[in-house]
Amino acid sequence: MIDLKKHLNPSQFLAATTIDGPVLVIAGAGSGKTRVIEYRVLNLVQSGIEPSSILLLTFTRNASRVMLSRASNHDPRCAMVEGGTFHSFAYKALKRYANAVGFTNLFSILDESDAIDAVAKCSGGLDISEKDRKFLKKGTIRSIISMSINKHEPIEDIIEKEYPHLAEYSEYIKNVKTKYVRYKTEKNYLDYDDMLIYFKKLLENSPVRKLIADKYKYIMVDEYQDTNKLQGDISYLLAKDHKNIMVVGDDAQSIYGFRGATHKNIMDFPAMFPGCTVIKLEENYRSTQPILDAANSVLSEMTNKYEKRLVSGLKHKGARPQMWFFNDAYEEAGWIADKMNELRRNGTPFEKQCVLFRSSYISIALQAELNKRGISYQLMGGMRFYESSHVKDLVAHLKLVMNPKDELAWHRALELIEGIGPRTSAKISKDFIQEENIAGITKGPLSKYEKGFKYSSGLLRFKALIENISADNAKVGERFERVFDYYSPLMKSRFDDWNTRINDLETLKKIAYRYDSLQDLLSDFAIELPDHGGGHHEAGHKNQVTLSTIHSAKGMEWEAVFLIGLIDGVFPVSFSLGDDESVEEERRLFYVGLTRAKTDLFITFHRENNRGYMSQLNKLSRFIDSSMILSRLEQNVTVNSDW
DNA sequence: CCGCGGAGTGTTTTT
DNA sequence: CACTCCGCGG
């Protein structure tokens, strides 16, 4: 038995050992939240609780993996604890109990870009002028629909609050939503929101809820400030019967409002679970006091928060964070590269250094510079690898084998064939969804086109592939490989950079060989594959600095952090400026960025705008200019700069 | 009806 | 710069 008191301070100890009943933990940045979960899991297991009856819900798949593996180092039984995201847990339950909510369990998951395509499909045929149709982007419609679902608010309210300029289209968007919902049911599709919706429905069905609640008797939810209304409801339903639930969060770090998250969940938790124990973790074990002073000044400018101040529990004092001004992005990048080398010479290896930014594109100049200097880096956030078109093309073939009603997948696959465009693919696949299985499709509607058309030879090759990968019960990896063989030649004419794309697919192929079930492979691609699928997601990859969006850096820490691009309109992003709550969310994001640093923090700005036509000079971010943080920073200007 | 090339555009964050 | 849209030639 491990002596928890040796590893935890009194509030952490309380959080790890209050086993029964509801617990709310307000955990400031760097206050040892991960540690609390690690030891709480350990404590539960060592108190004799069956590991498989413990459930840990986290924000990313990786987060639960890290926490559970740390706990397992103390006691291997902890590896049996169930962990994952709300979505992955919902998926599992839905697969098992699909028919209780009127689905067959062979549903396909629509990732974000699939969902946008589907919405576009449903926007057709409705009464709206061509001009308006162009003006209303499909992604926007999808966002509005999704937001209305996640917040559980009517479309009108969302439009009024977030998209007032689209007020006149409310009716239209509601119609699209109706069509979209029907479309998904017909095609056996679930999008990300549906996984939560149907899971909640499942839990509202008491016999099923009882089964699930009987199995998972101890529940923990991490990053509770970034859960949305649906996830809050799900948490409640999961714990309603036994009330053994601990949620952990920090309202000052709520940064997913754009996805419908609300820190209201944290605020309302005591009301949902009367008599809950509230524990505050306030001592910070991560950063030096000067860094926390800067963070505190940002905290003090937040409206609408729990009162708090971060105090460092570290012994050494540390230097003040530095603010650096540059003429342009290249000068900035050069300076950062120099500084990285200097830090390394002084004992901070590259893997303990990180560059953070608001949006991925901000890092492009820096990436070029690092490449030039031979400093290797690991990129986090930004374009998701399995949403790139070559991955989606290949995966589409596997999808339609699993779910022959997957119209989007048929279209995607058919349009790869020479001579087939949107019209022809629509014509050919029109009858597909009437068929029950692949054999019915290849023998029936598909076979009509295999002679006499300019695309017939291509279609014949396609048909052979489909029959091949659906007929036998070959290994998932082998099926993947067959599609790969078929797709490779098509890729070479489609992409100039097919070389690197082939490499991506080689990586995926290796992953595919690890699966026994095609459905699991496909669902993991959609909901669980961690950052970039390349497999190098383990934090602190040897001798590499990390480049990351702040969103992706959530929960992590580095010795040295460069927070770049503090330009008004970039950070806070221009979109947010019209609306106070959005600016507040940007401010929380800034706070999250600052608090990732342990000992060295550098904030940078460059003045020249290199976005071609807009030749105005950049303005310093409002989060710094004439803000209280300025007095907490040591200000610097580079030598060759004319500031 | 397809596909290509050129013009235009707008550019978050992620399960 | 990467993706989308448009118009034209086949």
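The rows are residues; the columns are (1) within 16 Å of DNA strand B (Cβ to nearest atom); (2) over 24 Å from A:Y256 (Cα atoms); (3) crowded, with 19+ Cβ neighbours inside 10 Å.
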{"residue": "A:S72", "(1), (2), (3)": "no, yes, yes"}
{"residue": "A:G83", "(1), (2), (3)": "yes, no, yes"}
{"residue": "A:I149", "(1), (2), (3)": "yes, no, yes"}
{"residue": "A:P154", "(1), (2), (3)": "no, no, no"}
{"residue": "A:I159", "(1), (2), (3)": "yes, no, yes"}
{"residue": "A:Y169", "(1), (2), (3)": "no, yes, yes"}
- If we keep only residues of region A:303-348 that are β-branched (V, I, T) and in a loop (DSSP other than H, G, I, E, B), then the residue nearest to A:A597 (Cα to Cα) is A:T348
- Message: Cβ contacts < 6 Å: first residue in contact (Cβ under 8 Å) with a residue 40 or more places away in the chain and of a type in the set (S, T, Y), restricted to region A:586-605; second residue assigned to a helix (DSSP H, G or I) and surrounded by fewer than 24 Cβ atoms within 10 Å (Cβ to Cβ), any location; separation 6+ or different chain. Result?
- Response: A:Y591/A:V298
- Query: Which of (1) within 16 Å of DNA strand C (Cβ to nearest atom); (2) closer than 20 Å to A:I116 by Cβ does A:W410 not meet, given it meets every other one?
  - Reply: (1)
- Query: Could you count how many residues in region A:417-459 are crowded, with 18+ Cβ neighbours inside 10 Å, of a type in the set (A, V, I, L, M) and away from DNA strand B (no atom under 16 Å from the Cβ)?
  - Reply: 2
- For the subset of region A:124-152 comprising residues that are part of a loop (DSSP other than H, G, I, E, B) and either basic (K, R) or at positive phi (or both), which member is modelled with the highest pLDDT? A:H152
- Message: Residue pairs, Cβ under 6 Å, 6 or more apart or interchain, first in region A:108-123 and farther than 20 Å from A:L94 by Cα and free of Cβ contacts under 8 Å to residues at least 60 places away in the same chain, second surrounded by fewer than 20 Cβ atoms within 10 Å (Cβ to Cβ) and of a type in the set (G, A, S). List them.
- Response: A:I116/A:G139
- Message: Can you pull out every residue in region A:348-368 that is away from DNA strand B (no atom under 14 Å from the Cβ) and surrounded by fewer than 21 Cβ atoms within 10 Å (Cβ to Cβ)?
- Response: A:T348, A:P349, A:E351, A:K352, A:A368
- Of all residues in region A:369-385, which are over 20 Å from A:V570 (Cα atoms) and within 13 Å of DNA strand C (Cβ to nearest atom)? A:N371, A:R384, A:F385
- Query: When you look at A:R70, is it away from DNA strand C (no atom under 16 Å from the Cβ) and without any contact (Cβ under 8 Å) to a residue 40 or more places away in the chain, yes or no?
  - Reply: yes
- Task: Select from region A:382-393 the residues that are near DNA strand B (Cβ under 10 Å from one of its atoms), touching a residue at least 40 places away in the same chain (Cβ under 8 Å) and touching a Ser or Thr at 6+ places or on another chain (Cβ under 8 Å) and write down the one among them that is nearest to A:I603 (Cα to Cα).
- Result: A:G382
- Message: I want to confirm something. Restricting to region A:32-67 and keeping residues that are closer than 23 Å to A:K5 by Cβ and touching a Phe, Trp or Tyr at 6+ places or on another chain (Cβ under 7 Å), which single residue is surrounded by the fewest Cβ atoms within 10 Å (Cβ to Cβ)?
- Response: A:I49
- Message: If the requirement is being farther than 24 Å from A:N636 by Cα and touching a residue at least 24 places away in the same chain (Cβ under 8 Å), which of these qualifies: A:L379, A:L343, A:L356?
- Response: A:L379
- Query: Residue check, A:A98 against (1) among the small types (G, A, S); (2) away from DNA strand B (no atom under 13 Å from the Cβ); (3) surrounded by fewer than 17 Cβ atoms within 10 Å (Cβ to Cβ), all met but one. Which one?
  - Reply: (3)
- Among the residues of region A:480-515, count how many are in a helix (DSSP H, G or I) and aromatic (F, W, Y). 5
- Message: Being at pLDDT 90 or above and crowded, with 17+ Cβ neighbours inside 10 Å: is that true of A:L196 here?
- Response: yes
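Of all residues in region A:471-493, how many are of a type in the set (D, E, K, R) and in contact with a helix residue (DSSP H, G or I) (Cβ under 8 Å, 6 or more places away or on another chain)?
Selection size over region A:471-493: 4.
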- Task: Only residues in region A:487-506 that are of a type in the set (A, V, I, L, M, F, W, C) count as the first member; pair them with residues that are modelled with pLDDT of 80 or more, Cβ under 6 angstrom, at least 6 apart or cross-chain, and list the lot.
- Result: A:L490/A:L416; A:F495/A:R501; A:W498/A:M491; A:L505/A:F484
- Going by the conditions given, is A:I527 touching a strand residue (DSSP E or B) at 6+ places or on another chain (Cβ under 9 Å), more than 15 Å from A:L400 (Cβ to Cβ) and of a type outside the set (S, T, Y)? yes
- Task: Could you please tell me which pairs satisfy a Cβ distance under 7 Å, a separation of 6+ or placement on different chains, a first residue in region A:408-422 that is under 23 Å from A:K184 (Cα atoms), and a second residue that is of a type in the set (D, E, K, R) and surrounded by 20 or more Cβ atoms within 10 Å (Cβ to Cβ)?
- Result: A:L408/A:D114; A:A409/A:K399; A:R412/A:D393
- Query: Restricting attention to region A:113-123, which residues are within 13 Å of DNA strand B (Cβ to nearest atom) and modelled with pLDDT under 85?
  - Reply: A:S113
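Can you report the number of residues in region A:248-276 which are part of a loop (DSSP other than H, G, I, E, B) and polar (S, T, N, Q)?
Counting residues in region A:248-276 that are part of a loop (DSSP other than H, G, I, E, B) and polar (S, T, N, Q) gives 2.
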- Note on the structure: In region A:552-579, anything in contact (Cβ under 8 Å) with a residue 24 or more places away in the chain, out of contact with any strand residue (DSSP E or B) (no Cβ under 9 Å at 6 or more places or on another chain) and in a helix (DSSP H, G or I) is listed as none
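The values are calculated or read from the model by the stated rules, or taken from the named source; none is laboratory data. Computed from a prediction, not measured in an experiment: that's the story for all the values here. Virtual Cβ from ideal backbone geometry, glycine too; neighbours counted across all protein chains shown.
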